[in-house]
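Trainee: So that we are looking at the same thing, I have put the structure below in structure tokens.
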Amino acid sequence: MSLNRDMASGLNGWLWQLACSFSYRTTAFILLFCSISTAAVFLLTTGLEIVDLLEKSALKFDLYSPEITILDGKASIKEKQPYLIEIPDDPNMLIVIDTRETPDPKPFSHLKDKSAGIVLSRDSLLIKNNDQLTSMKLTNFPDFVLNSQSLIENLTYYRNTIFMILIGAVLIYYFLSKSIQTLISALAIFVVIRRFSFPLSFGQGFKMATLIIVPPTLVDLVFKILGIFPESQSIIYLSFYAGTIFWVVKDLLRGNSQNIMAQRH
């Protein structure tokens, strides 16, 4: 069977033709666009909330937390650990301080029933906001003693640095996650379609997988901007993504089968 662009009909026929016409440069641009747009929306919504959360926590630091010393990228306190700080104004938020070398249980486990929180471990700062997690290594911070005054001063002074670290981490995370998703989807499309004797190369499968990731990404962006179902956005995105792949592969194979039957008659 020779490869041509008429092997599928309907919407997937159009998708197939579009994928065949794309260069790998265009495909990479689409993947990069999805990554950057998702990262930008995250930074403009959750990213700003993270910074706001840090500033609010700093103002009330002395009321709830012991003095924390950070030296050579390692945190320590003089109190019994884990040190749990509950915020009276926000029962869904918890601050956990556990700077032991081998904490048991793991510090993050204390946040499993909380929608937001901060975990300070021996060498990192982890921030949870709904289903979004952000981690920062303490090696990126200078040596200092944490209390309300020093924390507010440092947050003001290093505000731009915090934003740059956050931007870099978010861009890398979304580019890698989108790339891995596309590669896995391309492999799945390639294996399934080749099993039914559809002459598809892995490169063509990768192009199709890149196009398939666009609709779920756009829907996910709308949900994030409008704040719809904040705790279920990841599940909705992955479900929509998996459903789109299934629908595209099923319809493409059906169109190919119809073309084969038409050629026989």
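Trainee: Check off (1) hydroxyl-bearing (Ser, Thr, Tyr); (2) open to solvent by 70 Å² or more (accessible area, probe 1.4 Å); (3) more than 26 Å from the chain's Cα centre (by Cα) for residue 139 and give me the number that stays unchecked.
Mentor: (3)
Trainee: A further question on this structure: Looking at (1) under 27 Å from residue 36 (Cβ atoms); (2) in a helix (DSSP H, G or I); (3) hydroxyl-bearing (Ser, Thr, Tyr), find the lone condition where residue 134 falls short.
Mentor: (2)
Residue by residue, here is whether (1) of a type in the set (Val, Ile, Thr); (2) under 27 Å from the mean Cα position of the chain (by Cα) holds:
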residue: 41; (1), (2): yes, yes
residue: 54; (1), (2): no, yes
residue: 68; (1), (2): yes, no
residue: 72; (1), (2): no, no
residue: 76; (1), (2): no, no
residue: 89; (1), (2): no, no
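Trainee: What number of residues within the range 151-171 are open to solvent by less than 40 Å² (accessible area, probe 1.4 Å) and at pLDDT 85 or above? Break it down stepwise before answering.
Mentor: So the first thing to find is which residues in the range 151-171 are open to solvent by less than 40 Å² (accessible area, probe 1.4 Å), and the list is 151, 154-155, 162, 166, 168, 170.
Subset that is at pLDDT 85 or above: 166, 168, 170.
Of the residues in the range 151-171, 3 are open to solvent by less than 40 Å² (accessible area, probe 1.4 Å) and at pLDDT 85 or above.
Trainee: In the range 221-240, is there at least one residue being open to solvent by 40 Å² or more (accessible area, probe 1.4 Å), in a helix (DSSP H, G or I) and among the hydroxyl-bearing types (Ser, Thr, Tyr)? Before you say what the answer is, go through the steps one by one.
Mentor: Quick first cut of the range 221-240, residues open to solvent by 40 Å² or more (accessible area, probe 1.4 Å) only: 222-223, 225-232, 234-236, 238-240.
Remaining after also requiring in a helix (DSSP H, G or I): 222-223, 225-226, 234-236, 238-240.
If we keep only those that are among the hydroxyl-bearing types (Ser, Thr, Tyr) as well, we get 234, 239.
Checked against the condition, which is being open to solvent by 40 Å² or more (accessible area, probe 1.4 Å), in a helix (DSSP H, G or I) and among the hydroxyl-bearing types (Ser, Thr, Tyr), the range 221-240 yields at least one hit.
Trainee: Still on this model: For a quick check of your reading of the model, give me the residue pairs whose first member lies in the range 174-191 and is modelled with pLDDT under 90, whose second is not in a helix (DSSP H, G or I), with beta-carbon atoms closer than 8 Å and at least 6 apart or on different chains.
Mentor: 185/213; 189/200; 190/200; 190/201
The values are calculated or read from the model by the stated rules, or taken from the named source; none is laboratory data. Quick caveat, the model's predicted, so the values are computed rather than measured. We place every Cβ from the backbone using ideal geometry, glycine too, and count neighbours over all the protein chains shown. Accessible surface areas use protein heavy atoms only, side chains included; no ligands, DNA or RNA. Shrake-Rupley method; radii C 1.70, N 1.55, O 1.52, S 1.80 Å.
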